[in-house]
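> Take this structure, written in structure tokens, and hold onto it; I'll ask about it next.
The values are calculated or read from the model by the stated rules, or taken from the named source; none is laboratory data. Worth saying up front: this structure is predicted, and the values here are computed from it rather than measured. Ideal geometry is used to build each Cβ from the backbone, glycine not excepted, and the neighbour counts take in all protein chains shown. Heads up: the accessible areas ignore ligands, DNA and RNA and are worked out on the full protein's heavy atoms, side chains in. Shrake-Rupley method; radii C 1.70, N 1.55, O 1.52, S 1.80 Å.
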Amino acid sequence: MRKPFALLLLCLPRAALADGALCDRAAERAAADRGIPLALMQAITRAETGRDGQPWPWTLNINGQGLWFATKGEAALAARTALEAGAAQVDLGCFQLNWQWHGAAFADPAEMLDPDRNAAHAARFLSDLSQEFGDWRSAAAAYHSRTPARGEAYVARLEEAHAAMAGGPDLDRPAPPPPAPPRDDAVPRANGYPLLVGGQAAGGSLVPVPSGRGPIIGGP
């Protein structure tokens, strides 16, 4: 959530590249849970950690220096080392949560790096901001900075990230709520959320993709 940074690419083993889908999967679950536009969450994780158009979960920003790591363990170790050394600013994970401001919600840096926990906290924070400011655009700007100029520049970055998302949904459409758990006596029904079925590509929309792109962020 700090200013744009240039990420330092470390050598990533080919087998680890599947980890790039973890941020999108976590974004889907968190967006559905909080009623946040799914593509807004996807755009944020790309603007914060993306490389080649895809997010990366094991990303740190230490005092303005962006770093990608091959594994969660390596990223967690680097974060702990930086914090023990007195680093003033350490951002972690899919949504680059700042340890100084959000660390109290986590047991340690490794927990903050967990994609689902990281996304859930980011979604809660973004939802609180939307209630405070009244719309998703202002909430997204404040997610990065409450300084108007910096916030608007960040929204522009989200617009760019959204434009680069092939087949991405409009960002003004909230993700549907998660389906209610079935009752014991319920009659099985057809799955209304096809992307929750195994074998589908990660990072897709939980809502139908419209024929044309609307604005990146709509009303509350």
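> Among the residues of the stretch 51-74, write down those that are open to solvent by less than 30 Å² (accessible area, probe 1.4 Å), assigned to a loop (DSSP other than H, G, I, E, B) and closer than 17 Å to Y154 by Cα.
P55
> Under 7 Å between Cβ atoms, which residue pairs at least 6 apart in sequence (or on different chains) link something in the stretch 89-104 that is farther than 12 Å from H121 by Cα with a partner that is open to solvent by 10 Å² or more (accessible area, probe 1.4 Å) and β-branched (V, I, T)?
Every condition considered, the pairs that remain are V90/I62.
> Of the residues that sit in the stretch 111-145 and are in contact with a Pro (Cβ under 8 Å, 6 or more places away or on another chain) and not in a helix (DSSP H, G or I), which one is surrounded by the most Cβ atoms within 10 Å (Cβ to Cβ)?
D135
> Moving to a separate point now. Counting only residues that are assigned to a loop (DSSP other than H, G, I, E, B) and not hydrophobic (A, V, I, L, M, F, W, C), which one in the stretch 91-110 is surrounded by the most Cβ atoms within 10 Å (Cβ to Cβ)?
Going through the qualifying residues, I end up with G93.
> For the subset of the stretch 75-90 comprising residues that are over 22 Å from the mean Cα position of the chain (by Cα) and small (G, A, S), which member is most open to solvent (accessible area, probe 1.4 Å)?
By that ranking, first place goes to A85.
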